[in-house]
Amino acid sequence: MNIKVNNISLNYQKLGSGHPLILLHGNQEDSRIFDRLMAALSAQYTVYIIDTRGHGQSERPDTFSYQDMVEDIASFIRKFNLKQPYLFGFSDGGIVGLMLASQYPNILGKLVVAGANTEISGLTRKERLKLKFENFIKPNPLIELMLNQQPITDVQLKRITVQVLAMVGEKDVVTIEHTREFSSKIKHARLMVMPKQTHDSYITHSLYLVPTLKNFFK
């Protein structure tokens with residue numbers, strides 16, 4: 001299904017009944033990474049999975065910014081009149097979730113972010129070099145989005161009033177230290193390190209998080 005929000009057409013799917021829950025994917029992915037997670041959570045929640053702008057079957061803009069993605073999701077929530085939906089954001093989806101919660105303090109019920117960074121230095125040096133090399137060989141506006149990320153400041157993080165669960169894999173491309181640091185700036189946030197997990201091993205086409213999410217959202 002498609003919906004026009006913030007002057008762009010977004011592809012989304014809806015399944016289940018209960019409190020609304022939005023799942024946001026990462027950079028250069030689409031909502032299909034949540035296929036199993038959506039099915040498992042749909043018995044308890046009305047689950048929305050969205051292809052963010054320029055991903056999957058959503059419309060591709062001329063330029064990309066995290067702020068535009070924030071406004072897309074805020075507009076999506078208003079369009080469907082969702083009452084403080086829960087949001088799970090992976091990687092770039094987590095960046096959008098943090099910015100959304102900071103700029104619109106009452107829009108979300110609870111927020112989970114996984115493998116999210118508030119600035120480019122939150123990535124390992126190896127990952128930063130890899131992204132720069134890939135973009136040098138073949139320029140990609142989505143990689144440039146990551147490389148040119150404007151930091152989410154401490155002041156902005158302190159504006160987040162909703163409960164936040166910040167997850168990071170033990171072997172993530174986002175460092176544990178960075179996740180610990182930014183989550184400590186959020187009043188009602190806690191850190192969860194996922195043992196033996198990489199950036200996306202416990203998320204993509206996975207049921208690993210079902211118990212954790214149900215417990216946090218209850």
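The values are calculated or read from the model by the stated rules, or taken from the named source; none is laboratory data. Predicted model only: the values in this text are computed from it and were never measured. Here Cβ is always computed from backbone atoms with ideal geometry, including for glycine, and neighbour counts include all displayed protein chains.
Numbers below:
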| read-out | value |
| --- | --- |
| Residue match in region 82-99 (condition: in a helix (DSSP H, G or I) and more than 14 Å from the chain's Cα centre (by Cα)) | no |
| Subset of region 149-182 [among the β-branched types (Val, Ile, Thr) and crowded, with 19+ Cβ neighbours inside 10 Å] | 152, 160, 162, 164, 168, 173, 174, 179 |
| Which listed residue, of 218, 185, is more than 26 Å from residue 19 (Cβ to Cβ), surrounded by fewer than 21 Cβ atoms within 10 Å (Cβ to Cβ) and of a type in the set (Lys, Arg) | 185 |
| Residue in region 22-43 that is hydroxyl-bearing (Ser, Thr, Tyr), within 13 Å of the chain's Cα centre (by Cα) and surrounded by 15 or more Cβ atoms within 10 Å (Cβ to Cβ) present | yes |
| Strands (runs of 3 or more DSSP E) completely within region 1-58 that count 2 or more residues being touching a residue at least 60 places away in the same chain (Cβ under 8 Å) | 2-5, 8-15, 19-24 |
| Subset of region 143-156 [of a type in the set (A, V, I, L, M, F, W, C) and either within 15 Å of the chain's Cα centre (by Cα) or part of a strand (DSSP E or B) (or both)] | 145, 146, 152 |
| Flag for residue 146 being farther than 16 Å from residue 93 by Cα, surrounded by 15 or more Cβ atoms within 10 Å (Cβ to Cβ), modelled with pLDDT of 95 or more and hydrophobic (A, V, I, L, M, F, W, C) | no |
| Matching residues, region 120-131, being free of Cβ contacts under 8 Å to residues at least 24 places away in the same chain and either surrounded by 13 or more Cβ atoms within 10 Å (Cβ to Cβ) or under 18 Å from residue 152 (Cβ atoms) (or both) | 128, 130, 131 |
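Okay, residues lined up against (1) of a type in the set (Gly, Ala, Ser); (2) in a strand (DSSP E or B):
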| site | (1), (2) |
| --- | --- |
| 167 | no, yes |
| 182 | no, no |
| 196 | no, no |
| 206 | yes, no |
| 214 | no, no |
